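Trainee: Structure below; questions to follow.
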Amino acid sequence: MLADPARSAAEKQTALEAWVREYLALTTYEISCPALRDPTLAPAGKTGVIVSTLMDYRLVKAIAEAGWYPAFKALCEEQMMVVLENSIFPGLTEQVEQRFSSTPLTIERLTGNSDGAITGWAFRDEATAGKLPAVNQFRKIAKTIETPLLHIYQAGQWTFSPSGLPVSILTGKLAADGVIKRLAKQGRADQSGDDSGGRR
Ligand SMILES: Cc1cc2nc3c(=O)[nH]c(=O)nc-3n(C[C@H](O)[C@H](O)[C@H](O)COP(=O)(O)OP(=O)(O)OC[C@H]3O[C@@H](n4cnc5c(N)ncnc54)[C@H](O)[C@@H]3O)c2cc1C
């Protein structure tokens, strides 16, 4: 539809707005209230609600290029509040004092994650699958920490795919263990007077 030259920009926007509204009415949401665990995260008597859903990077990118990204964000925020108001959270809309939203474009800009993925490298289609610049087989995860640079280890969401918090923590531990192991080896080599050992 976006590529259809027979449709005007206004027609495309109207059709897409309707699609986005319907999508947001039918999709699922992840909802969290961090101040329930840590009350210092909100002023007394108030709270914050984070509502997340899946959104296609290519769609948001096309909307931004078509020039109505701010309107798209406002539409999503309003429609998500309508959905919650009419389902699990009656009275939500009138209690919201401040709101803002992030999209895959925001995540791409702030983190550098490919296609605005929530973590590291985006899931790719078959044409690019297996060509990520990261280890993607769990049995090879120990290799994620290796770099071409001597004495430099790496860890985190870009070193393995698919990643996430557990992989980021695990690769951090692997890298830290690697450094400890190398220093111990180097220490032993220094003690024995062999300064070539343990430096690689
Ligand atoms: C909305 C959202 C929901 C998510 N939900 C989940 C989930 O449910 N489960 C899950 O497993 N994962 C989830 N993730 C993914 C998870 O948050 C990431 O995979 C993880 O935080 C990555 O950890 P990291 O240490 O590799 O990178 P980051 O947490 O991004 O840490 C990198 C740090 O480096 C700093 N930095 C960047 N550049 C520089 C520089 N030049 N100099 C110094 N410091 C710099 C950054 O400020 C940042 O603090 C989610 C992510 C998002 C965005």
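Trainee: Starting from the Cα coordinates of the chain, work out the convex hull volume and express it per residue in Å³. Show your work: numbers first, answer last.
Mentor: Details: hull volume 36.9 nm³, N = 200.
So the per-residue hull volume is 185 Å³.
Trainee: Work out how much length THR27 to ALA71 would gain on full extension: take 0.36 nm times their residue separation and subtract the Cα-Cα distance, in nm to one decimal.
Mentor: Values: separation 44, 0.36 × 44 = 15.84 nm, distance 2.02 nm.
Stretched out fully, the THR27 to ALA71 stretch lengthens by 13.8 nm.
Trainee: Another question, if that's okay. Test of understanding: ordering THR144, THR106, THR40 by Cβ neighbours within 10 Å, fewest first, what list do you get?
Mentor: Details: THR144 24, THR106 14, THR40 6.
Taking fewest neighbouring Cβ atoms as first place, the list is THR40, THR106, THR144.
Trainee: Testing the spin-label approximation: label points 7 Å from Cα along Cα→Cβ at GLN137 and ARG99. State their distance in nm.
Mentor: 4.7 nm
Trainee: Then there's this: Evaluate the relative contact order of the range 1-109 (contact order divided by residue number), counting alpha-carbon pairs under 8 angstrom at least 6 apart; express in whole percent.
Mentor: Working: 70 pairs, mean separation 27.8, N = 109.
Reported as a whole number, the value is 25 percent.
Trainee: In cubic angstrom, how much convex hull volume per residue do the alpha carbon atoms of the range 1-109 span?
Mentor: On the way: hull volume 13.2 nm³, N = 109.
Spelled out: Cα convex hull of the range 1-109, divided by residues, is 121 Å³.
Trainee: If the chain between ILE88 and THR106 were fully stretched, how many nm would it gain, using 0.36 nm times the residue separation less the Cα-Cα distance?
Mentor: 3.7 nm
Trainee: Counting other beta carbons within 10 Å of each residue's own, what order do CYS76, CYS33 fall into, fewest first? Provide the component values of the computation, followed by the final result.
Mentor: Values: CYS76 20, CYS33 12.
Least crowded to most crowded, the residues run CYS33, CYS76.
A short reminder: the numbers here are calculations on the coordinates, not readings from a lab. This is a predicted model, so every value here is computed, not measured. Neighbour counts run over all protein chains shown; Cβ positions are idealised from the backbone, glycine included.
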